[in-house]
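Report on the following structure.
The values are calculated or read from the model by the stated rules, or taken from the named source; none is laboratory data. Values in this document were obtained by computation on a predicted structure and should not be read as measured data. Virtual Cβ from ideal backbone geometry, glycine too; neighbours counted across all protein chains shown.
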């Protein structure tokens with residue numbers, strides 16, 4: 001199911017705070033529902049065992065009412081995988097502006113630091129007690145700061161050169177930047193993922209990359225006058 005959320009983002013700090021608080025409430029309700037579904041699954045399994053042990057149904061009929069493997073895996077993944085708020089837009093600036101307003105800080109550089117034609121890598125933001133960052137270049141991880149997982153990096157706003165991709169081969173690999181910092185809203189239940197911009201990859205490959213090992217929540221920021229064909233794709 002695809003939900004379309006249309007909203008106007010302003011530079012008003014109080015409106016950003018309301019946006020953040022509202023989303024935190026949604027996450028809390030989601031986790032509560034996941035816990036409830038998990039309990040229902042456990043109770044259902046107990047009922048299955050009781051029906052099976054007492055031979056209430058034949059094997060064929062028992063198989064008909066049993067939850068399928070696919071359905072079970074889906075339910076289990078809902079509670080075991082973190083949510084990912086996947087931020088999409090027509091431009092990098094639209095994504096960066098939303099994330100900065102959402103977090104109420106200038107974490108990502110905006111225009112004119114990043115131009116409309118710049119190739120920007122995928123960015124993943126995760127909660128961690130200390131601030132650090134990791135750059136994924138052509139399938140390998142490189143620590144940006146020595147002991148970066150233990151001490152703060154030297155910047156508050158991500159430097160431009162960590163976001164821009166200049167290597168043609170690196171574009172094909174969907175190079176990504178992972179940022180870890182204390183973000184109470186995120187906790188271990190939520191990640192923020194900013195999709196790559198102007199990278200030479202097809203949509204299925206990008207989708208596979210950004211949805212791996214997460215439960216995705218897509219949000220699309222419309223920051224231009226009209227949607228073009230490639231925006232709709």
Residue ID - farthest from the chain's Cα centre (by Cα), chosen from residues in segment 18-58 that are touching a residue at least 24 places away in the same chain (Cβ under 8 Å) and over 20 Å from residue 71 (Cα atoms): 19
Residue match in segment 167-181 (condition: exposed (fewer than 15 other Cβ atoms within 10 Å of the Cβ), over 30 Å from residue 79 (Cα atoms) and at pLDDT 80 or above): no
Residues within segment 153-163 that are surrounded by fewer than 17 Cβ atoms within 10 Å (Cβ to Cβ) and at pLDDT 85 or above, tallied: 7
Residues located in segment 32-71, provided they are touching a helix residue (DSSP H, G or I) at 6+ places or on another chain (Cβ under 8 Å) and closer than 23 Å to residue 218 by Cα: 34, 35, 37
Number of the condition not met by residue 88 [criteria: (1) in contact with a helix residue (DSSP H, G or I) (Cβ under 8 Å, 6 or more places away or on another chain); (2) closer than 25 Å to residue 213 by Cα; (3) not in a strand (DSSP E or B)]: (3)
